[in-house]
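Taking it in order: structure first as structure tokens, then the write-up.
The values are calculated or read from the model by the stated rules, or taken from the named source; none is laboratory data. A quick note: this is a predicted structure, and the numbers were derived from the prediction, not measured. Methodologically, a virtual Cβ is constructed for each residue, glycine included, from the backbone with ideal geometry; neighbour enumeration extends over all protein chains shown.
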Amino acid sequence: MARRTASKKNWRNRISLMGFGISMGLLLSEVTYRLFRPQVPLQSTDSLLNRGRFTTVGKHWNIQPEFKTEVEVNHFGFVDREWNLTEPPDILFIGDSFVQGAQVPMEKAIGRQLDDNLNSTVWSMGVPGAGTTTEWLLLQEWLQTVKPKKVMIGFLPSNDILNNHPALESKSDKPFVDINTINQSNVSVLMPEPTVDNYPLARHSHLWRWWLRYSDIEQQRKEKMSLKGLPRDWDVYNPAISEIWSEAWMLTGVLFQQINKLCKENKIILNIILFPSIEEVSPAFREQVHQQYPDTDSWNWNLESQSLSMLEQAGITDAQILSLYPIFTNHPTPNALYYPRDKHWTITGHTLASETIQAWLESSP
């Protein structure tokens with residue numbers, strides 16, 4: 001009897017220790033996420049939802065297997081130097097994570113290099129994962145506040161086309177153009193439904209917010225994978241383009257048409273900078289893809305001409321566009337321009353991009 005009682009007590013102790021260990025593990029994870037990977041609130045009705053995790057004012061570390069960098073968020077919630085609204089910038093540079101530049105030291109990102117080296121003030125407004133819809137909303141919300149002389153849009157065709165269509169994008173907390181309004185005079189945007197009230201714990205737990213986003217994105221990715229198991233974003237290079245991808249290109253053109261119209265109405269110069277991806281630039285990277293997926297060997301791994309044609313149809317002239325494709329594809333060591341796993345620019349990539357843009361701007365009328 002005494003032996004049975006002692007056995008029960010041992011099991012209770014083990015369960016208590018296990019519960020204590022799990023609780024301490026969760027607490028440690030929560031503290032770690034708050035300090036090193038702070039999570040922004042879940043969806044809201046704000047047009048700037050899904051702006052990534054670098055939105056809290058101050059300095060933050062971005063620690064990944066390929067890099068460790070420190071970035072600074074200004075009082076407007078963007079990774080950039082502080083802005084003085086009494087002195088409007090010459091250039092407002094809008095784009096996705098390439099423009100944000102959180103993968104390199106703060107001063108080495110493309111926007112800060114341009115701000116340092118141009119005889120112009122450049123403010124960066126980069127939103128990770130942003131498609132052209134988000135960039136259009138950013139302009140609508142910020143043009144009257146920032147009042148720049150010029151707007152530059154960093155356009156990454158290999159990813160932005162996908163970002164603009166709800167059937168292709170894996171993140172659900174993003175805005176999309178209402179396809180039913182395309183033929184009408186006023187193009188409208190569908191905002192995602194707020195979900196913050198569905199998960200009360202997420203108001204307080206950064207770990208829980210991360211898990212909710214991660215599980216949602218992974219589920220969306222599985223549902224939207226190509227039939228042959230390829231990442232869905234690579235389908236943009238497939239010459240046998242589907243109806244959904246044709247629709248995504250059309251939506252992107254409509255969005256650029258609206259951006260061009262908005263800038264003209266506000267008497268602001270618009271420039272589009274075409275960003276190539278590592279798949280388009282690196283023969284070595286493409287060879288790895290072809291070995292794993294032989295069917296992709298005949299695909300069109302360069303979106304420059306298709307993008308230029310789409311922008312022309314949107315009413316944007318050649319004089320408004322700078323393509324980084326030639327300078328990047330002809331680089332002697334293209335793999336040095338990108339992190340191979342992360343696929344964002346290295347310091348070398350940011351420097352090459354900023355120097356090319358600077359030379360183009362200084363030579364333009």
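Once the range 101-135 is narrowed to residues that are small (Gly, Ala, Ser) and in a loop (DSSP other than H, G, I, E, B), the residue that is farthest from Tyr338 (Cα to Cα) is Ser120.
Scanning the range 93-131 for residues that are within 10 Å of the chain's Cα centre (by Cα) and of a type in the set (A, V, I, L, M, F, W, C) gives Phe98, Val99, Val127, Ala130. Whenever a residue of the range 317-331 is closer than 12 Å to Ser282 by Cα, its partners that are at pLDDT 95 or above and not in a helix (DSSP H, G or I), lying with C-beta atoms within less than 6 angstrom and at least six residues away or across chains, give the pairs Tyr325/Pro276; Phe328/Pro276. Surrounded by fewer than 19 Cβ atoms within 10 Å (Cβ to Cβ), touching a residue at least 24 places away in the same chain (Cβ under 8 Å) and over 19 Å from the mean Cα position of the chain (by Cα) - does that describe any residue in the range 338-345? Scanning the range 338-345, I find no residue that is surrounded by fewer than 19 Cβ atoms within 10 Å (Cβ to Cβ), touching a residue at least 24 places away in the same chain (Cβ under 8 Å) and over 19 Å from the mean Cα position of the chain (by Cα), so the answer is no.
One residue alone among Ala353, Ala314 is among the aliphatic types (A, V, I, L, M) and within 23 Å of Gly111 (Cα to Cα), and that residue is Ala353. Cβ-Cβ distances below 6 Å connect no pair with a first residue in the range 125-143 that is under 16 Å from His75 (Cα atoms) and basic (Lys, Arg), a second residue that is at pLDDT below 95 and in a loop (DSSP other than H, G, I, E, B), and a separation of six or more residues or different chains. So Gly52 fits all but one of (1) in contact with an Asp or Glu (Cβ under 7 Å, 6 or more places away or on another chain); (2) assigned to a loop (DSSP other than H, G, I, E, B); (3) modelled with pLDDT under 95; what number is the exception? Failed condition: (1). The set of residues from the range 305-316 being on the phi < 0 side of the Ramachandran plot, touching a residue at least 40 places away in the same chain (Cβ under 8 Å) and of a type outside the set (S, T, N, Q) comprises Met310, Leu311, Ala314, Ile316. Note on the range 139-169: residues that are assigned to a helix (DSSP H, G or I), out of contact with any helix residue (DSSP H, G or I) (no Cβ under 7 Å at 6 or more places or on another chain) and buried (at least 24 other Cβ atoms within 10 Å of the Cβ) total 1. Confirm whether Glu70 is assigned to a strand (DSSP E or B), at pLDDT below 95 and not aliphatic (A, V, I, L, M). Taking the combined requirement at face value, the residue satisfies it. For the range 341-365, enumerate the residues that are among the charged types (D, E, K, R) and part of a loop (DSSP other than H, G, I, E, B). Those that are among the charged types (D, E, K, R) and part of a loop (DSSP other than H, G, I, E, B): Arg341, Asp342, Lys343. Quick one: in the range 346-365, of everything that is among the small types (Gly, Ala, Ser) and exposed (fewer than 15 other Cβ atoms within 10 Å of the Cβ), which residue is nearest to Ser282 (Cα to Cα)? My answer is Ala359.
Within the range 309-337, restricting attention to residues that are part of a helix (DSSP H, G or I) and in contact with a Ser or Thr (Cβ under 7 Å, 6 or more places away or on another chain), the residue that is surrounded by the most Cβ atoms within 10 Å (Cβ to Cβ) is Leu337.
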